[in-house]
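This report concerns only the one structure given below.
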Amino acid sequence: MAPSGSLGSRVALAALCAAYAALAATPAASQALPSLGQSGKQAVRASKKGAAPSSGAPLPALSPPVPKPGQAAEPLGLSIPSDPAPLMRGATIDNGGVSTSANYGPPVRREKLPRPYPPPRTPNPPPFSPKNPLPALEPYKSSYLAKQRLRLRATLPPGLVAPPPAPPPATVAAEPTIKTKPKPKVEANPYDPLGVPVGSTLIFPYVQTSGGYDDNPNRLAPNYNPRGSTFFRGEGGVKVKSNWARHSLEGELRGGYSEYFNFPAANRPDAQGQMAARYDVTQDTALDLRGRLQLDTQRPGAPAIQPGQSTVYVVNRPAILGVGTQAGASQKFGRIGVELRGTYDRVWYQNAQYSDGTTLNLAATSYNDFGGLLRASYEATPDLKPFVEGTYDERLHDSQQDFNGFYRDSTGYIARGGAQFNVTDMVKGEISGGYGRRDYADPRLVPLRGPVIDAALIYTPSALTTMTLRGSTSLNETTLANASGVLTRAVSATLSHDLMRNLNVTLTGTYFYNNYQGADVVERGGSVGVALDYKVTRTVSLRGSYRYELLDTTFPNADYTANVYLVGLRFQL
């Protein structure tokens, strides 16, 4: 026989299922049967354990469900009470001694999820949305529309702004490129001096010390057995340049002294300077003021100071100092320009000392030179300006007669014509030619005359290389007996090239021709050299040079050659 507990449980469950099916078929019953109470659950648990419920009244007998029309009643073997309230209240049902109760399981507890941390971020809007629109489009740089805009901008007068252009078509538009940080500008001349500003004017001072060797300090002829000497040279100077909207001031002055340790008689000074100032009265009228200075020495073997005796010679180097000035005005009449200046020059000579103790009175030959200059030019094109020029001057010496008994006072003129030109950005310069003549008060002195040719050409094939050619003609004074003067022609060439940003090499060459008219003496000479300039910083630079000099003359015992080596240090601001 099966246990009564298990059989009772199955019977109770079957009865409950049948009762609920009958109640579900009845509308009123289905609406009044929400759930079983706690007492019903306890009855079911008790029935599973095989014991009768400890409490609860017995359920009345269940009546069979009312069959639907045309349907036979289905015997259940169970009686369902007409009033299901006790069942709804969880009352126990007595079914053949088996206690049962309704069971829906324990209540389901709602699980609480933890709050997210950190809180979720609001996503950014898409890259191209109403809040983040597309950038404006611009034409391709090589498109027709972009070129048309550039042409329109160039033709607009100053101060007028072009209207905003219409949006470009899709075929020529491109998204603007991302702006990047511009690269730092590279300075063109990082080793050039900056200068000392004084107001709106820059001053460039410098000091240079050098040492070297000269195998012929006094430029003596080979028959005098010249001997070499080491020497020290000190040099200083200043350069001035204005930065004014109107007017102009430019100038340069340098001076030096060379001391020979093994040959003190060759010690000598030298200096050179020039200045130009312009005051603009109006746009077409300007006042000009110019000045110049020249200090040099005569070599002991110069023909003009020779004593005429083979056993006597000059033991010092007589100095020559010349200063000059020009003052005038310039006026423009359209393309025609006219310049008128007055000139004045003063030249001093130092006496020469002979080896026998006598003195050559050169100071008496010092003179004053008064003159004037007239120049007219025409600006044919911005790159071509032809001109004509004429000068006239009169020289008056401190002594009417020199130490040879000649009257050296004279008058002279020079007439020339030429042009200033600028062929390209690489070639520019000035060239002129004419004729000059000087007449002397002494009838024994023939007029000093001859063609006058001057030229200056600057050729710049690249930013690293510069070539300069210069030619000049001058009518100079002399104290050589029977010679009226010296017609001097000189040509110089300079080639400068930057091997690096701070290393420059310069090649130089000169040639000169001196014609002592009236004395049949001719001199030809020149020099070649090379110089290196290494700029350590803007302030300090190292310099080295070599120069070879040569003179060939028809005057006896006056030829010479010389080699000069020099190394120095330069300080500049």
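Side notes on the structure shown:
- Peptide packing: for 472-478, 327-333, 523-529, the average count of neighbouring Cβ atoms within 10 Å per residue gives the ranking 472-478, 523-529, 327-333, highest mean first.
- For region 346-492, size of Cβ-based charge dipole, Lys and Arg +1, Asp and Glu -1, in debye: 280 debye
- Average accessible surface for region 496-561: 53 Å² per residue, computed with a 1.4 Å probe over protein heavy atoms with every protein chain in place.
- Alpha-carbon centroid distance for the pair region 447-462 / region 204-282, whole angstrom: 24 Å
- Summed side-chain charge close to ALA376 - residues other than ALA376 whose Cβ falls under 14 Å, Lys, Arg +1, Asp, Glu -1: +3
- For LYS147, a cut-off of 18 angstrom between C-alpha atoms picks up these aspartates and glutamates, skipping any fewer than 8 places away in its own chain: GLU138, GLU175.
- Relative contact order computed over region 243-301 (Cα-Cα under 8 Å; 6+ residues apart), in percent: 32 percent
- Here the relative contact order of region 187-338, from alpha carbon pairs under 8 Å that lie six or more residues apart, stands at 16 percent.
- Burial ranking of peptide ranges 462-470, 294-302 (average Cβ count within 10 Å, highest at the top): 294-302, 462-470
- Under a model in which nothing but the beta-carbon of Lys, Arg (+1) and Asp, Glu (-1) is charged, region 290-433 shows a dipole of about 280 debye around its Cα centre.
- Reported to the nearest whole Å, the Cα centre-to-centre distance from region 540-562 to region 308-342 is 25.
- Region 215-367 - charge dipole about Cα centre, Lys and Arg +1 at Cβ, Asp and Glu -1, debye rounded to 20: 240 debye
- Apportionment of accessible area to carbon and sulfur, region 277-419, percent (1.4 Å): 56 percent
- In this structure, the residue pairs whose Cα-Cα separation is over 24 Å, taken from LYS239/LYS332; LYS183/LYS241; LYS185/LYS535; LYS332/LYS385; LYS183/LYS428, are LYS239/LYS332; LYS183/LYS241; LYS183/LYS428.
- Residue (of ILE414, GLY357, ALA380) at the positive-pole extreme of region 282-418, dipole from beta-carbon charges: ALA380
- Accessible area of region 267-389 divided out per residue, in Å², using a probe of 1.4 angstrom: 52 Å²
- Remark: relative contact order (region 450-547) = 19 percent; criterion is Cα-Cα distance under 8 angstrom and separation of 6 or more residues.
The values are calculated or read from the model by the stated rules, or taken from the named source; none is laboratory data. What you see is a predicted model; the values in this text were computed from it and never measured. Quick reminder, even Gly has a Cβ in these numbers, built from the backbone with ideal geometry, and neighbours come from all protein chains shown. For accessibility, only protein heavy atoms count, side chains too; no ligands or nucleic acids. Shrake-Rupley method; radii C 1.70, N 1.55, O 1.52, S 1.80 Å.
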